[in-house]
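The next block holds one structure in the form of structure tokens; read it before the comments.
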Protein chains: 2
Amino acid sequence: MSLVLYERLCSDDRRPSPYCWRARLALAHKGLTPELRGIKFTEASKVAFSGQGKVPVLCDGERTVPDSWAIALYLEAAYPEAPSLFRGEGGQALARFINHWVDSRLQKAIAPILAPRMLALALPEDRAYYRETREPRYGCSLEELAAQRDRHLAALGPLLEPLRLRLAESPYLCGESPAYADYLAFAEFQWARCAEPDDLLGPDDDAIRAWRSRLLDRFDGLARSVPAYDSAA
Amino acid sequence: MSLVLYERLCSDDRRPSPYCWRARLALAHKGLTPELRGIKFTEASKVAFSGQGKVPVLCDGERTVPDSWAIALYLEAAYPEAPSLFRGEGGQALARFINHWVDSRLQKAIAPILAPRMLALALPEDRAYYRETREPRYGCSLEELAAQRDRHLAALGPLLEPLRLRLAESPYLCGESPAYADYLAFAEFQWARCAEPDDLLGPDDDAIRAWRSRLLDRFDGLARSVPAYDSAA
């Protein structure tokens, strides 16, 4: 059966989308290697067959699944013999809470730092689209957003506290080995690594850094193998 | 076998401690009804037998367990036939992340709103101790803290977003029925209900309000039955 993952494509073959990294790592967790198809910001029509225009979209034989959370649920149900993404009913319910925490808090703090970098990372033909869709989100130009970088960096630190505390006592959020909740949070740092030359972590973040490094090594170095900045490796 | 829970005692027989409510609800989840022994802020020596001075402390026959998380782990291991507090290995690992999220983010946002109220709620003989231990934490007098109330209330709103999103799609954080992660977050609102006449939730918080109300009803209305303000019921 053919397995295809449609994901965001940027310049220099970079694949920064954190939503797509959730799916990439969930597939790797299940021992699956999809064919990857890069989709530019302005190529929503290429995944319109999925009933919407966003990536990731997973095609598994006849089955089409858009949305990173739906992909995780699909993989868990379709590949029950492979290692679990959630490790039980309680793990699945709380992974969903962490999904919302990442979306509404962690990503909301990281995105204004990365968005100005993403303008340069987008393919030249995507940059006007990127600017037009992102600037209303922040209520200012991407250049003005870049000028607020220090403020956004300062806001990120306290927000990482639950990660910092959990990873000070356990190698992964999910315990002795990683599972989907780890990929949810890690994907934000993988996004940063693709887009951002500086490490966004601070001097107190050694536990988060060590966790990030372990996840970069996971699956034969899958996340480490892609074009990215090395500073956050 | 005797089962005793030592918990914080305040005036009018109020029991506001969120840490103690975690233990109360974990015990109820396991179908256990402990004898409750109230401990004043200045009575740390009364639980010194546990090797430390904080509450909650659970005594189950010969076994003494301080610390709310340790109590949850103990109950899960000691009463495996009763409903699980975590619903699997994944649920336990992520409940610990949520424990850290509650401690470092939710409670950090709620505590400066409630601390000035707690001064009046503490027993008269505890008030000097409460002031002496809390004011250094906030770097100002409790009266100055009370004057910053609006700012702290405004900071609470965005922080609740992961709860708001999760509870918009599910009756409980843990799914169709509550488990320990629900009690972790709910205990902060139960603290507020004991100490604070106003509801801290806003106009967009109906899903959180409905969840809170369901948890107040749980276990034959255990959390609703204690002396508290009705505004947040």
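The values are calculated or read from the model by the stated rules, or taken from the named source; none is laboratory data. Worth saying up front: this structure is predicted, and the values here are computed from it rather than measured. FYI the Cβ positions are ideal-geometry reconstructions off the backbone, even for glycines, and counts take in every protein chain you see.
Within the range A:215-233, restricting attention to residues that are touching an Asp or Glu at 6+ places or on another chain (Cβ under 7 Å) and assigned to a loop (DSSP other than H, G, I, E, B), which residue is surrounded by the most Cβ atoms within 10 Å (Cβ to Cβ)? So that I can check it myself, show each step before the final result.
Going through the range A:215-233, the residues touching an Asp or Glu at 6+ places or on another chain (Cβ under 7 Å) turn out to be A:215, A:224, A:227, A:229, A:231-232.
With the extra rule that they be assigned to a loop (DSSP other than H, G, I, E, B), the set shrinks to A:224, A:227, A:229, A:231-232.
Working: A:Arg224: 17, A:Pro227: 12, A:Tyr229: 16, A:Ser231: 12, A:Ala232: 20.
Selected residue: A:Ala232.
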- Item | Exclusive hit being modelled with pLDDT of 95 or more, surrounded by 13 or more Cβ atoms within 10 Å (Cβ to Cβ) and more than 25 Å from B:Ser84 (Cβ to Cβ), set B:Arg212, B:Arg149 | B:Arg149
- Residue selected from the range B:164-173 under the condition assigned to a helix (DSSP H, G or I) and crowded, with 22+ Cβ neighbours inside 10 Å, by the criterion nearest to the other protein chains (Cβ to nearest Cβ): B:Arg166
- Message: Given the options B:Arg105, B:Arg63, B:Arg37, name the one that is without any contact (Cβ under 8 Å) to a residue 60 or more places away in the chain and in the same structural domain as B:Pro178 (by TED's automatic domain parsing).
- Response: B:Arg105
- Message: Suppose the filter is more than 14 Å from chain B (Cβ to nearest Cβ) and touching a strand residue (DSSP E or B) at 6+ places or on another chain (Cβ under 8 Å); does A:Leu32 pass it?
- Response: yes
- So, of the residues in the range B:11-50 that are closer than 21 Å to B:Ala77 by Cα and hydroxyl-bearing (Ser, Thr, Tyr), which turns out to be surrounded by the fewest Cβ atoms within 10 Å (Cβ to Cβ)? B:Thr33
- Would you please name the residue that is nearest to B:Cys174 (Cα to Cα), looking only at residues in the range B:81-110 that are of a type in the set (A, V, I, L, M) and more than 7 Å from chain A (Cβ to nearest Cβ)? B:Leu85
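Being within 24 Å of B:Tyr180 (Cα to Cα) and in contact with a helix residue (DSSP H, G or I) (Cβ under 7 Å, 6 or more places away or on another chain) narrows it down to one residue among B:Gly61, B:Gly88; which is it?
Going through B:Gly61, B:Gly88 in turn, just one is within 24 Å of B:Tyr180 (Cα to Cα) and in contact with a helix residue (DSSP H, G or I) (Cβ under 7 Å, 6 or more places away or on another chain): B:Gly88.
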- Restricted to the range A:61-77 and to residues being touching a strand residue (DSSP E or B) at 6+ places or on another chain (Cβ under 7 Å) and assigned to a helix (DSSP H, G or I), the residue surrounded by the most Cβ atoms within 10 Å (Cβ to Cβ) is A:Ile71
- B:Arg8 fails exactly one of (1) surrounded by 21 or more Cβ atoms within 10 Å (Cβ to Cβ); (2) among the basic types (Lys, Arg); (3) within 14 Å of another protein chain (Cβ to nearest Cβ), namely (3)
- Message: Of all residues being within 14 Å of chain B (Cβ to nearest Cβ) and assigned to a loop (DSSP other than H, G, I, E, B) in the range A:179-204, which is modelled with the lowest pLDDT? Just the residue, please.
- Response: A:Asp204
- Query: Given B:Glu176, B:Glu161, B:Glu144, which one is free of Cβ contacts under 8 Å to residues at least 40 places away in the same chain and facing chain A (nearest Cβ under 8 Å)?
  - Reply: B:Glu161
